[in-house]
Each structure stands twice: as structure tokens, then as C-alpha cells.
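What follows draws every value from the coordinates through simple rules; no lab data is involved. Everything numeric here is computed off the predicted structure, so don't read it as measured data. Ideal geometry is used to build each Cβ from the backbone, glycine not excepted, and the neighbour counts take in all protein chains shown.
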Amino acid sequence: MNRKKKMNDILKKKVKKANSKLHTSNKPKYVSKAERAKLAEEDNTQELEQE
């Protein structure tokens, strides 16, 4: 019984891993606070150059 359970667990893990790779998240990629500040600064400089 233990051998069957162990094999089933291994196979379930493989299936779960494969399914997780197929699933993509709609969540936006994380951008650090410093990176956001840098992007905001670049936007401000571009707006000033356009005016």
C-alpha cells in the first residue's frame, strides 16, 4: 500500500507542476518602490521637455 501511495504522490506532483506552468497569472509584475520613483522621474522630465 505504501508503494502505491508513494507512486501516486509522485505522479500527482508531476501533474500539479505541469498544470502550474500552464497557468499564467493576471497579476501585474512587481515593481519596487525605487523603480517606481525612477519611472516617475523619467516621466516628469519627458513632460518638461515636451512643454
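A helix-only calculation puts the chain at -26000 deg cm²/dmol for mean residue ellipticity at 222 nm, using -39500 (n - 2.57) for each DSSP H run of at least four residues, averaged over all residues. Projected onto the charge dipole of region 3-49 (+1 at Lys/Arg Cβ, -1 at Asp/Glu Cβ, origin at the Cα centre), which of MET7, GLN46, ALA34 gives the Cα projection farthest towards the positive end? Working it through, the farthest residue towards the positive pole turns out to be MET7. The count of lysine pairs in the chain that are at least 8 places apart or cross chains, and whose C-alpha atoms lie under 19 Å apart, stands at 15. The slack between LYS4 and LYS38, meaning 0.36 nm per residue of separation minus the straight C-alpha distance, is 6.7 nm. Taking the C-alpha atoms only, the angle from helix 2-22 to the longest principal axis of the chain is near 20 degrees.
Both numbers refer to the Cα atoms of region 6-47; Rg and Dmax are 20.3, 62 Å.
Once both labels are positioned 7 Å from their Cα atoms along Cα-to-Cβ, the gap between LYS21 and THR45 label points is 4.1 nm. To the nearest 10 degrees, how steeply does helix 33-50 sit against the main Cα axis of the chain, on a 0 to 90 scale? Once rounded, the angle reads 40 degrees.
In a simple Cβ point-charge model (Lys, Arg +1; Asp, Glu -1; nothing else charged), the chain has a dipole of about 1660 debye relative to its Cα centre.
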